[in-house]
Amino acid sequence: MNHHSGRALPQRRRRPLLVTTAAAFALVMAATACGGDSGSDDGVVELRFSWWGADDRHATMQEVIEVFEEQNPDIRIAGDYTDWGSYWDRLATSTAANDAPDILMQEERYLREYGQRGALADLSEFGDHLDLSALDPLVAETGELEGQTFGIPTGVNAYAVLADPQAFEEAGVEMPDDTTWTWDDYVEIANEISEATDGELVGVQSMAYNESGFQIFARQHGENLYAEDGTLAFSAETMTSWFEITSALLEGGGQPSAAESVEIEAGGPDQSVLSTNQGAMAHFWTNQLGGISESSGRDIELLRYPGETENERTGMYLKPAMFYSVSANSEHPEEAARFVDFMLNNEAAAELTLSDLGLPSNVDMREHILDDLPPADERSAAFLEEITGDIVDGNPPPPIGAGEVVEITKRTSDALGFGDLTPEEAAEQFMNEVSEATGSS
């Protein structure tokens, strides 16, 4: 069972602090008024395209740009790229200076921030140049805010449980039936693995560090992490129940101790209990299957989340890996839209990017590249195909300030793990801090 991969989700997210009014004013005064694009003397329109990523993504994007320019000789694209952390500082500064790139990558935690501040164009206005008809309906509207489309998803991932069959075998524990397993089953299996191996293997890595897991849990209960207006959309009772699962795993030995969990979390995917062959399960995005499989030296499998059949609805969802956006200040928005259209709908572009930007959001392109994917990515694609029919809907873009929720989640998880907070107190603290960070209190 498998599914798709893409290098879409950074492990650390930092909220872009848009520069202060005074600093922004100074930048704008110093900047040229022409914005981020221009026309050259030979009549060719020049655009800037900005993205984040590692060296292999940068090389791929340059290849994509070359193909686009060959097919569109009236447009020239300048690549503007950096790593994840630097990207948001650079984008905040250039946006304040009225010098934002014409085409830019966005991430769901920041889409509302830039969209509501008027920095992004409404892509629904470029229907003559941007064909969105083949987008996966489960994510097609995830870049919409109040009737405007500020981002088009590049591709999709899902949050899932990754499991090591060899670890299960060593513990003498059967792999779960992920089409029916419950949260009680999950706790029982994890605790059993740790007990059966005298702690040589842990059942599962702590799931409390990523709010995406709780989002699935809340959706299973007919709630959500955020509402359409950006406010919290879950009850204290549901979050308390979520933290009680972690408490049960700590008490039963099914997950590492609080101190060990802090160390494992700090090490990222490469130091996960799966990557180091020290555990049977962990929670990650499907796009991380390839890397973790490689680190572990084993064929890691993807499992649906526990509890998908316990209530009236399922909770798993497809997450936009990232978005394509166009600057509201671009002097050539139609040409920028043509490039976004190329990235979404062109077979040559899909063949180059494969699943690096998530499994393509264009379902036709997704089908087109399946045979070209590396084995782990091919398994991921199959997994996504399996779960899609059970997914109910997508999620609204997170509120402004959602980038701070990463640290709030970790802080609350550690306090719970070390026994400083009860599950009920942890839920209260999380809700209060997230409400304050997102202005929804």
Quiz item: Can we say MET207 is over 18 Å from the mean Cα position of the chain (by Cα), open to solvent by less than 20 Å² (accessible area, probe 1.4 Å) and on the phi < 0 side of the Ramachandran plot?
Solution: no
Exercise. Only one of these is within 13 Å of LEU162 (Cβ to Cβ) and out of contact with any strand residue (DSSP E or B) (no Cβ under 7 Å at 6 or more places or on another chain): GLY290, GLY279, GLY307. Name it.
Key: GLY290
Quiz prompt | Enumeration of residues in the stretch 98-114 that are open to solvent by 10 Å² or more (accessible area, probe 1.4 Å) and assigned to a loop (DSSP other than H, G, I, E, B) | solution = ASN98, ASP99, ALA100
Practice problem: Working carefully through the options ALA328, ALA336, ALA350, find the one that is over 22 Å from the mean Cα position of the chain (by Cα), open to solvent by less than 10 Å² (accessible area, probe 1.4 Å) and at pLDDT 95 or above. | Solution: ALA336
Exercise. Return a yes/no flag: does the stretch 42-53 have any residue that is touching a residue at least 60 places away in the same chain (Cβ under 8 Å) and part of a helix (DSSP H, G or I).
Key: no
Practice problem: Could you check GLU428 against (1) open to solvent by 40 Å² or more (accessible area, probe 1.4 Å); (2) within 21 Å of the chain's Cα centre (by Cα); (3) acidic (Asp, Glu) and say which number it fails? | Solution: (2)
Exercise. Specify the residue that is nearest to the chain's Cα centre (by Cα); the eligible residues are those in the stretch 234-282 that are outside any helix (DSSP H, G or I) and over 17 Å from SER293 (Cα atoms).
Key: PHE234
Exercise. Pairs only if they're at least six apart or on different chains, beta carbon under 7 angstrom, first in the stretch 254-275 and assigned by TED's automatic domain parsing to the domain that holds THR409, second among the acidic types (Asp, Glu); list them, first residue then second.
Key: ALA258/ASP414; VAL262/ASP414; LEU274/ASP164
Quiz item: Taking GLY222, is it more than 24 Å from the chain's Cα centre (by Cα) and small (Gly, Ala, Ser)?
Solution: no
Exercise. Being in contact with a Pro (Cβ under 9 Å, 6 or more places away or on another chain), part of a strand (DSSP E or B) and not hydrophobic (A, V, I, L, M, F, W, C) is the filter here, so list the residues in the stretch 170-228 that pass it.
Key: TYR226
Quiz item: Mind checking whether some residue in the stretch 83-92 is of a type in the set (Phe, Trp, Tyr) and either surrounded by 23 or more Cβ atoms within 10 Å (Cβ to Cβ) or not assigned by TED's automatic domain parsing to the domain that holds HIS58 (or both)?
Solution: no
Quiz prompt | Any chance ARG117 is in contact (Cβ under 8 Å) with a residue 40 or more places away in the chain and either open to solvent by 50 Å² or more (accessible area, probe 1.4 Å) or under 30 Å from ILE387 (Cβ atoms) (or both) | solution = yes
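The values are calculated or read from the model by the stated rules, or taken from the named source; none is laboratory data. Everything numeric in this text was worked out from a predicted model, so none of it was measured. All Cβ positions, glycine included, derive from the backbone under ideal geometry; neighbour counts span all protein chains shown. Keep in mind that these areas ignore ligands, DNA and RNA; they rest on the heavy atoms of the full protein, side chains included. Shrake-Rupley method; radii C 1.70, N 1.55, O 1.52, S 1.80 Å.
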